[in-house]
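Below: the structure, in structure tokens.
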Amino acid sequence: MPARLILNADDFGLTPGINRAIGELHAAGVLTSATLMASGPAFEDAIAVAHAHPTLGVGCHIVLTDGIPVSPPETIPSLLGPDRLSFRPTITAFLRALFLGHIREDDIAREAHAQIDKLQRAGITVTHVDTHKHTHLSPAIARPLLRAAEASGVRAIRNPFEPGWDLRLGHGSRVRRLTLRLTEGLHSRFLTHPQIRNRTVLTTDGTIAISATGILSVGTLGQILRALPPDGCFELCCHPGYNDADLDRIVTRLRVQREVEREALLSEIPAILRAANPPVLIHFGDLC
């Protein structure tokens, strides 16, 4: 059986330009999945795009940092930043609080369930969950996230660990690659969560291009796809969009790069599909 590949765009719902790019890329056959931010500024527009493209797999991009909650703030106090209304503004602050034991798993489960529920009430069949900044690398985040997914009837989750064959390509900064390697020891713990072990919630063999976030050009994407093993199931994580006035109003480090990634998908996905033994493109709802 050839490899199976999920082409997933994060940040669906962040801006209309990102939403438009996701719809266009899916229509072009080079994107199969996207994860929608329940409290994203362009949430309603993303819902319209999703309904206009019913074959696009739509997951929930669970945001626990650098955003606003869906739950009433007073019900998730351990997740809030200094203003007591929004999440901690940086991943560093979030990880510090997590390490110090200040974040309660019940609050994570409550907020994750609320975000999933918001998508479902908007008529979205949620194919999977993942997390903004890959925070569910930590077992303390993965445990309540899996509980929320199972309770909400969501049957898949991103495997947030990059396969060794992809890391060995050497993309991204040395610090980023080192950070990803240091988290490899958590991979076995992720796979032993009861929902993963019992296949109540399904996942892939890993997520590719995490180390290439911010540099996913035509050349980089082409190299990753040519290194794809002949079998297995992988997710490609990407952030395509348009660098426009709406994006200017958003705090994000990915700006021009979103258009670079859009062009890379349009160039390299058709190329790999024309190659010998091409991967089968699927979304998370096709996992079994």
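A crude spin-label estimate for the pair Leu186 and Arg121, with each label 7 Å from Cα along the Cβ direction, gives 3.0 nm. FRET efficiency for the Asp205 to Leu85 pair, using the beta carbon distance and R₀ = 35 Å, is estimated at 0.35. Would you mind getting me the FRET efficiency between Val251 and Glu44? Use the beta-carbon distance for r and R0 = 25 Å, nearest 0.05. FRET efficiency, Val251 to Glu44: 0.75. Debye-formula intensities of the stretch 1-156, expressed as log10 I(q)/I(0) at q = 0.10, 0.13 Å⁻¹, are -0.34, -0.57 (one equal scatterer per alpha-carbon, no solvent).
We did not get these values from a lab; they are worked out from the coordinates using the rules stated. What you see is a predicted model; the values in this text were computed from it and never measured. Here the Cβ is made from the backbone with ideal geometry for all residues, glycine too, and neighbour counts use every protein chain on show.
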